[in-house]
Amino acid sequence: MGYEQIAAVDLGSNSFRLQVGRVVDDQIYPLDTLKEPVRLASGLTREKLLDEVAQQRALETLFRFGERLRGFQPDAVRVVATNTLRVAKNAKAFIPKAEAALGFPIEIIGGREEARLIYIGAVHALPPASHQRLVVDIGGGSTEFIIGKKHDPLVLESLFMGCVSYTLRFFPDGKVDKKRFNEAEVAAAREIQTIAQNYRRIGWSEALASSGTARAIADLLECNELNPDGLSGITRVGLAKLRALFIRAGSAAQLKLAALPSDRLPVFAGGVAIMSAIFSELGIERMIYSEGALRLGVLYDLLGRFHHHDMRDTTVQQFMRRYQVDPRQAERVERTALTLLGQLVNVASPEYESDARFLRWAAALHEIGISIAHGGFHKHGAYIASFADMPGFSKKDQECLALLILAQRGKLEKLPLMAASDPNWRLILCLRLGALLHRSRDDQALPDFFVKPLDTGFQVELPADWLPANPLSAAALADEAQIWKRIGSALRIRRRPALPVLA
């Protein structure tokens, strides 16, 4: 690995957090942590738009984080955004401003990807165990549930309930009473019931909780001796006592308890109600708190990418098996597509490493849609890549992959508008030509072909005698040239004269 320090930024619905870690012998040791209670979810309007005040709070925090990250190489930092930016309709307009303030790209990750990273972080912060563990993480806008064994998650779910959203919904004025608390618990219970039966069937030997809500509850129960027999963490008995004290106090501000963090007071009621429902619906007696959470999971996932253990590669292999992709055809298309890309750019350069990676994944998965139907399989494949849970892939990653799969055949007018200089056009060309040249699905050697960029498109050179000898491919290439012409781009097919034979 090339870096001694790596960093993760978690743009949560309640807090933004930055963690810098030092890498020693494949282990990560925390060096520095920054946390800001941005409360992004509180700025989400009924129309699911992020208001200007919340955006400004976020940008100011990201600007400060950016100062701490100065000097870090782009691939030594990973920034993930969770539920609020998943659901905000104006997230696409906000993200460029946020990236400019921070100085690094931001990935909006799906709920199950968030759950996977949380699990990785939680188990890395605890001693190894051979038994199955349940990890629960109550965030600002969503709550993640994971059952895993050792370092491998077995089942992952993300439910649309969080400490910020539930506090705003059930305790908008800060007042807490039995009726409101019951309503919040019932609402959370309904969400949990959708997964409870399956989770109980799979089972676990140890329950863990991570992140701020769990830590605040655990600290309160321990410091105020609310747990029975001096137990640590969160217990059913201690949680019931806290619930009763909360209702009696009438608000979080009136709770007269030691170790109550002031920065969590505005969202504490919603978090306690959700935790209470989790204990009830899943039949939990005790949870241990884990210091590891999303940030640590992101760091370990980033470390894996440095060591060429990218979870995205594993996911692509799993999808190939799940959708019964022909591996020989995928390998043929990949080999040719990457050869073409190597003639257009220096794929060994770090600048184009990502392009080569996405082209490789797209070639591997270009036929996944055939599992649904051969007609329009590129559209089916793009749909799968867009909406399936793909561990390791961010929402932006999936959009890019879906674009390439959709663009592999047919009209190019169906694609979203892209500038002529957009690097995706190179990848689209390489994938389309790779698929076209291997239509026969055999291992017959291809001719020596060359591709080069033009001011307004591309030029492909083939041996002059190959085109007449392969009329089906020649016709397909002529059609391909017309397809590019219709979007105002050139694809010139040139015959390269045979070299003279020396006497």
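If you go through the range 223-244 and keep only what is among the hydrophobic types (A, V, I, L, M, F, W, C) and part of a strand (DSSP E or B), you end up with just 234.
As for the range 342-358, it holds at least one residue that is more than 27 Å from residue 82 (Cα to Cα) and among the acidic types (Asp, Glu). Of the conditions (1) farther than 24 Å from residue 49 by Cα; (2) assigned to a helix (DSSP H, G or I), residue 94 clears all except one; give me its number. Result: residue 94 fails condition (1) only. Pairing each residue of the range 358-374 that is assigned to a loop (DSSP other than H, G, I, E, B) with any residue that is β-branched (Val, Ile, Thr) and surrounded by 24 or more Cβ atoms within 10 Å (Cβ to Cβ), provided the two are 6+ apart or on different chains, yields C-beta distances under 7 Å for 366/333; 366/405.
Within the range 406-417, is there a residue that is out of contact with any His (no Cβ under 7 Å at 6 or more places or on another chain) and assigned to a helix (DSSP H, G or I)? Within the range 406-417, one or more residues are out of contact with any His (no Cβ under 7 Å at 6 or more places or on another chain) and assigned to a helix (DSSP H, G or I).
Yes/no per residue for (1) in the same structural domain as residue 23 (by TED's automatic domain parsing); (2) of a type in the set (A, V, I, L, M, F, W, C):
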residue	(1), (2)
81	yes, yes
86	yes, no
89	yes, no
98	yes, yes
118	no, yes
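Applying the condition of being under 20 Å from residue 282 (Cβ atoms) and free of Cβ contacts under 8 Å to residues at least 12 places away in the same chain to the range 198-239 and asking which residue is surrounded by the fewest Cβ atoms within 10 Å (Cβ to Cβ) yields 201. Per the listing 472, 427, the residue uniquely in the same structural domain as residue 369 (by TED's automatic domain parsing) and in contact (Cβ under 8 Å) with a residue 12 or more places away in the chain is 427. For the range 245-270, filtering for residues that are outside any loop (DSSP other than H, G, I, E, B) and closer than 14 Å to residue 180 by Cβ leaves 9. Filtered by the rule that a residue be surrounded by fewer than 24 Cβ atoms within 10 Å (Cβ to Cβ), in contact (Cβ under 8 Å) with a residue 12 or more places away in the chain and not in a strand (DSSP E or B), the range 117-140 gives 124, 125, 126, 128, 129, 130, 131.
If you go through the range 304-340 and keep only what is under 26 Å from residue 75 (Cα atoms), in contact (Cβ under 8 Å) with a residue 12 or more places away in the chain and among the small types (Gly, Ala, Ser), you end up with just 337. Where residues in the range 1-60 are among the β-branched types (Val, Ile, Thr) and exposed (fewer than 13 other Cβ atoms within 10 Å of the Cβ), which of them is nearest to residue 298 (Cα to Cα)? By that ranking, first place goes to 33. Every residue in the range 265-300 that is of a type in the set (D, E, K, R) and within 30 Å of residue 5 (Cα to Cα), please. Selection gives 291, 295. Every listed requirement among (1) at positive phi; (2) touching a helix residue (DSSP H, G or I) at 6+ places or on another chain (Cβ under 9 Å); (3) without any contact (Cβ under 8 Å) to a residue 60 or more places away in the chain is met by residue 174 save one, (3).
Only one entry in 76, 93 is within 27 Å of residue 291 (Cβ to Cβ) and outside the structural domain of residue 282 (by TED's automatic domain parsing), namely 76.
Per-residue answers, yes or no, for (1) over 26 Å from the mean Cα position of the chain (by Cα); (2) in a strand (DSSP E or B); (3) under 28 Å from residue 126 (Cα atoms):
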position	(1), (2), (3)
158	no, yes, yes
191	no, no, no
194	no, no, no
200	yes, no, yes
207	no, yes, yes
217	yes, no, yes
221	yes, no, yes
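If you go through the range 145-158 and pick out every residue that is within 23 Å of residue 197 (Cβ to Cβ) and free of Cβ contacts under 8 Å to residues at least 40 places away in the same chain, you end up with 5. Can residue 135 be described as over 18 Å from the mean Cα position of the chain (by Cα), modelled with pLDDT of 95 or more and among the β-branched types (Val, Ile, Thr)? Answer is yes for this residue. Going through (1) at pLDDT 95 or above; (2) over 23 Å from residue 395 (Cα atoms); (3) charged (D, E, K, R); (4) in a strand (DSSP E or B) one by one, residue 10 falls short only on (2).
The values are calculated or read from the model by the stated rules, or taken from the named source; none is laboratory data. Here the structure is a predicted model, which is why all the values come from computation and not from measurement. Quick reminder, even Gly has a Cβ in these numbers, built from the backbone with ideal geometry, and neighbours come from all protein chains shown.
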